[in-house]
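Heads up, the thing below is written out as structure tokens.
The values are calculated or read from the model by the stated rules, or taken from the named source; none is laboratory data. Since this is a predicted model, take the numbers as computed values, not measurements. A quick note on method: Cβ atoms are made from the backbone with ideal geometry, for glycine too, and the neighbour counts reach across all protein chains shown. Please note that ligands, DNA and RNA were not included when accessible areas were found on the heavy atoms of the full protein model with its side chains. Shrake-Rupley method; radii C 1.70, N 1.55, O 1.52, S 1.80 Å.
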Amino acid sequence: MQEINLRELYPDVYKTDTFLEVTDEVQEVFLADERAEAVYERKMYRYKAQYSLDCENGIENAILHKPQTPEMALEEKQLREQLYSAVMTLPKKQARRIYARYYLGMTVNAIAGAEGADPSRVRDSIRRGLKRLAKYF
């Protein structure tokens with residue numbers, strides 16, 4: 001069993017030294033993560049990636065946009081399902097208007113023109129629908 005300092009791993013959460021005993025396997029995971037991070041930083045320095053922000057060769061995207069983790073994908077899927085079920089509780093016309101506005105990117109005037117309705121009515125309907133959706137989140 002080895003001790004780790006949680007303040008070194010999570011400086012935002014732990015403001016003082018907090019020691020915790022962990023197994024050798026857990027300690028090895030932390031060390032492997034540190035080594036991988038050091039390799040990543042060395043690679044970015046070696047290929048002068050720290051100066052490439054206006055180069056547009058994709059290196060900055062690797063730094064700025066980390067790949068999506070399985071947890072993030074699961075959370076996104078659950079949020080999408082929640083949103084879909086919340087939209088399904090709305091009246092058909094409101095759901096259709098919200099879908100057209102935010103999923104299809106249509107303007108309020110375009111939706112009103114397609115339905116033959118007044119744009120102010122469409123705008124109010126969307127606003128009321130969004131208000132009802134806010135209760136779910």
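Can you pull out the residues in region 34-75 that are open to solvent by 100 Å² or more (accessible area, probe 1.4 Å), at pLDDT 70 or above and of a type in the set (Asp, Glu)? Those that are open to solvent by 100 Å² or more (accessible area, probe 1.4 Å), at pLDDT 70 or above and of a type in the set (Asp, Glu): Glu34, Glu41, Glu71, Glu75. The number of residues in region 101-137 being more than 27 Å from Glu75 (Cα to Cα), small (Gly, Ala, Ser) and surrounded by 14 or more Cβ atoms within 10 Å (Cβ to Cβ) comes to 4. For region 82-94, what are the residues that are assigned to a helix (DSSP H, G or I) and either surrounded by fewer than 16 Cβ atoms within 10 Å (Cβ to Cβ) or more than 25 Å from the chain's Cα centre (by Cα) (or both)? Gln82, Leu83, Tyr84, Ser85, Met88, Lys92, Lys93, Gln94 - these are the residues of region 82-94 that are assigned to a helix (DSSP H, G or I) and either surrounded by fewer than 16 Cβ atoms within 10 Å (Cβ to Cβ) or more than 25 Å from the chain's Cα centre (by Cα) (or both).
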